[in-house]
Amino acid sequence: MLRMSNLFVKTLRDDPADAEVASHRLLVRAGYIRRAAPGGFSWLPLGWEVYRNVENMVRDEMNKAGFQEVHFPALLPREPYETTGRWTEYGDNLFRLQDRKGADFLLAPTHEEMFTLMVKDIAASYKDLPVSLYQIQTKYRDEARPRAGLLRTREFVMKDSYSFDLTDAGLDESYAAHRQSYIDLFDRMGLPYVIVSAMSGAMGGSKSEEFLSPMDVGEDTYIRCTNCDYAANVEAVTTPVPDDVPLDGLPEAIVHDTPGTPTIETLVDFINADASLRLPDRDWSAADTLKNLVVTLKHPDGTVEPLAIGIPGDRDVDMKRLEAVVAPAEAEPFTEADFAKYPSLAKGYIGPGVLGEQNATGIRYLVDPRIVTGTAWVTGADAHGRHVIGLTAGRDFTPDGVIEAAEILPGDTCPACGSDVEIARGIEIGHIFQLGRKYAEALDLWVQGEDGKPATPTMGSYGVGVTRCLAAIAEATSDDIGLCWPREISPADVHLVMAGKEGGPQREAAEKIAAELEARGLRVLFDDRVKVSPGVRFKDAELIGIPTIAVAGRGVADDEPTMEVKDRRTGDREDVPLDQVVDHLVAVTKRV
RNA sequence: CGGGGUGUAGCGCAGCUUGGUAGCGCGCCACGUUCGGGACGUGGAGGCCGGGAGUUCAAAUCUCCCCACCCCGACCA
C-alpha cells in the first residue's frame, strides 16, 4: 500500500515554467518525473510505477504474439555499425564516445546490427527460422532539440522487434503478425491512433506503416480523408491522376511579353490585368500556371545531378515529399553557381522548352501527376520577361516522367474515395517496416536452406516508443485539473482519501477499508495525511489521476455509515454503505 | 544551425528602464487554531541574483563573451 504520508512525492501547485504540453506539465506537477538532463528525465516512485505498467503491457502483448524477449547493451562497439555504414550515415544524431584506450563506442539509437549478429551467432539452419525477437531497451539519440517533455527526449525507452524469415511471403506474415500485435497493444492502452502508410525511404524496405496518435502537440503531419478511413503520412500520399484531355481544338500556345513577373503572384496579376489575355469566364489563378524549379540531387556515392520539377503554380514543392521520392539522394535548391552552368535557364522564367533530356539543358524533367496530356499551362518561355500561355502537355512538351513532390493542401482529393482530405498532426507511437536483406547481407547472415544451399534471411523491424506512449497516454487522457490514467496503467486501483478530523471515526474506517481492499488484491494509494487540509487531499487526488477515488469523510459518522466513491474521469460520485464499499470497489476496478 | 524569449530561495515570480542593505506568493521548520475543496495566526530557516571578464567608490541592475532552458523553423527509426 502506498501511503501519502510517507510516499516520496511532492506535488506542485504551479505549472513548471519550462513545461508547455499537458503531459509534461502534469507529470512534473503530480510528482511523477523530474527533468535531470537536456532531454533526460528521472522517475519518482509514482512515475516509475506507471512506467513499469506500460512496459509490462508492451511485454505482455509481445509475448502473446509469440515474440521472444532478449536484451542487448546500450553501449556498443563501433565495428558492426561501421560494417553497415551507419557509423557515419547516422550523422550527428549518434552519440559517439571512446573508452580509455581510445576505441570508438556508441550509445545505440536502434539495434538492427546487434539483432542480426545474434541471429547469425545462433541460427544455422532454415529450421531455426522464422523467428521474431524483441527487447525493451533505453535508446540514445543526440536530438538537435529535445522538446515536449517525454515526447521527444535524447534518452528514451523503445521496444524494438526484428523478424527473420527466409521468404518474402514469410516476411509478409511476420509483418502482419506484428501489425496485429500493435493493434492489440494500442487498443489495450486506450490510445487513439491511426495507421498511416509511410515511406520506408533509405532503409530500402518495400512496406512501411506508422501508428500515429492524433494530437495537436504531435510532430508528424499526416493526411486523412474527411469521408473514408484513408490516412497516410504526407510523404506517402499519392495524387489521383486526372484523365487526359483530347488535344483536338485546343488553342495554340502563345508567347507573350510579361515584364517584371518572376514570381507566380506577379505573373497572375499581370495576365489578369491585360484585357487581351483574359479568360472568357473567370480570372487566371495560380493553379493555371506551371512552376518549374531545379534542384541538385546529391547521391550517397558523392555524385550530383540536376533535376527539374514542374508543379502547378499554386503549390510549393514539399521538400519532405521530394526527399522521400529521391531517397537515398538528398535534394538542395539550385544555387547561383549552378544557374551559371546552364545559361539557357532564365531564372524566374524557366519553361519546359529547355528542360528534359531531349532539350537544351538536358536536365531530367519530372512533373506533378496533375500535368497530364491535354492540360494547358501558363509557364516560362525561357527568356526574361516572357511567358507562354496555353502550353499544352503532350503536344508542346513531353516531360521525362512524373514525380510526387508537390505539397498536399487541405481539400485535395482522397486517393481512396475521391472526397476531400484534411491535414492533421500526430505523435508517432509505433512504426513497422519491412527491412529486407540489407542488414543480413551487410553482416553476412545466412543459414543453410532446405536445399543445402546458403539462404539469406529477410528482416522486418518494428518499434514502439514505450516512454513516448506513456506521455501520449497522459496527453490524451488528462484534463484541466490533472492526469487521468487508464486503469491498467494507473499507479493504483483506488485513491483512498481520509477526510474528517484526526481523532474522528474516519481514520479507523479508512484504515480498515484500505487493508481490506489490499487483501482483495487491489492496489491502494491511501492519503492518510493529517497535516494537510482536506482541500489539498482532494486536489492531489485529482492531479495524480488514479481512476477511482474513494473518500472516507463525514458519511462515515452517519447512523448508516457510507463512503463516497468517485470516478475521476466523469466526476460521477455515489455514496456507498460502508459495509459494501469493498465489494463495490472491487467491482468497479475489476480489470476488463 | 537560424529567429525569438527567459535565467533572482525547492517551485512560481517582482526588482533591472534611472547602479546604493535582495523582495513577494507557494512550499519548508516550530507552536497554536482549523478539518469536505489547494485553511489561519505568530515566530523562523533558506540566495555566489546562470558563469566569466570589464566599467564604477559601489553591479541583480550598465558593457562584452560564454552557458543553460523554452518556443518557432531546419533536422529527426
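On the stretch given as the stretch A:6-36, residues that are of a type in the set (A, V, I, L, M), within 17 Å of A:ARG537 (Cα to Cα) and open to solvent by 20 Å² or more (accessible area, probe 1.4 Å) total 3. Pairs linking a residue in the stretch A:328-348 that is polar (S, T, N, Q) to a residue that is in a loop (DSSP other than H, G, I, E, B), with Cβ atoms under 8 Å and 6 or more positions apart or on different chains, are A:SER344/A:VAL354; A:SER344/A:ALA360; A:SER344/A:THR361. Kindly indicate whether A:VAL255 is under 26 Å from A:ARG86 (Cβ atoms) and β-branched (Val, Ile, Thr). Against the criterion (under 26 Å from A:ARG86 (Cβ atoms) and β-branched (Val, Ile, Thr)), A:VAL255 does not qualify. Note on the stretch A:505-524: residues that are within 15 Å of RNA strand B (Cβ to nearest atom), out of contact with any helix residue (DSSP H, G or I) (no Cβ under 7 Å at 6 or more places or on another chain) and of a type outside the set (Asp, Glu) amount to 2.
Right, A:GLU323: touching a Leu at 6+ places or on another chain (Cβ under 9 Å) and either open to solvent by less than 50 Å² (accessible area, probe 1.4 Å) or closer than 24 Å to A:GLU404 by Cβ (or both) or not? Against the criterion (touching a Leu at 6+ places or on another chain (Cβ under 9 Å) and either open to solvent by less than 50 Å² (accessible area, probe 1.4 Å) or closer than 24 Å to A:GLU404 by Cβ (or both)), A:GLU323 does not qualify. Restricting A:GLY571, A:GLY535, A:GLY555, A:GLY500 to those that are part of a helix (DSSP H, G or I), within 15 Å of RNA strand B (Cβ to nearest atom) and either within 28 Å of A:LEU27 (Cβ to Cβ) or open to solvent by 30 Å² or more (accessible area, probe 1.4 Å) (or both) reduces the list to A:GLY535.
Scanning the stretch A:53-72 for residues that are within 20 Å of A:MET4 (Cβ to Cβ) and within 13 Å of RNA strand B (Cβ to nearest atom) gives no hits. Sub-7 Å Cβ pairs linking a first residue in the stretch A:263-279 that is among the polar types (S, T, N, Q) to a second residue that is open to solvent by 70 Å² or more (accessible area, probe 1.4 Å), at least 6 apart or interchain, are A:ASN272/A:ASP283, ordered by first then second residue.
Taking the criterion of being touching a strand residue (DSSP E or B) at 6+ places or on another chain (Cβ under 6 Å), within 11 Å of RNA strand B (Cβ to nearest atom) and small (Gly, Ala, Ser), the residues of the stretch A:1-52 that qualify are A:ALA36, A:GLY40. Taking A:TYR349 as the residue in question, decide whether it is of a type in the set (Phe, Trp, Tyr), in contact with a strand residue (DSSP E or B) (Cβ under 7 Å, 6 or more places away or on another chain), crowded, with 16+ Cβ neighbours inside 10 Å and more than 21 Å from A:PRO242 (Cα to Cα). Yes; evaluated as a whole, the condition is true for this residue.
Test of understanding: among A:PRO242, A:PRO246, A:PRO259, which residue is open to solvent by 60 Å² or more (accessible area, probe 1.4 Å) and under 21 Å from A:VAL402 (Cβ atoms)?
A:PRO246
A:THR263 fulfils the conditions (1) assigned by TED's automatic domain parsing to the domain that holds A:LYS320; (2) within 16 Å of RNA strand B (Cβ to nearest atom) except for a single criterion, (2). Restricting attention to the stretch A:324-340, does a residue exist that is out of contact with any Gly (no Cβ under 7 Å at 6 or more places or on another chain), at pLDDT 80 or above and under 20 Å from A:THR263 (Cα atoms)? The answer is no, given that none of the residues of the stretch A:324-340 is out of contact with any Gly (no Cβ under 7 Å at 6 or more places or on another chain), at pLDDT 80 or above and under 20 Å from A:THR263 (Cα atoms).
The values are calculated or read from the model by the stated rules, or taken from the named source; none is laboratory data. As the structure is a computational prediction, the values presented were derived from the model and not from experiment. Because the Cβ atoms are built from the backbone with ideal geometry, glycine has one as well, and the counts that use them run over all protein chains shown. For accessibility, only protein heavy atoms count, side chains too; no ligands or nucleic acids. Shrake-Rupley method; radii C 1.70, N 1.55, O 1.52, S 1.80 Å.
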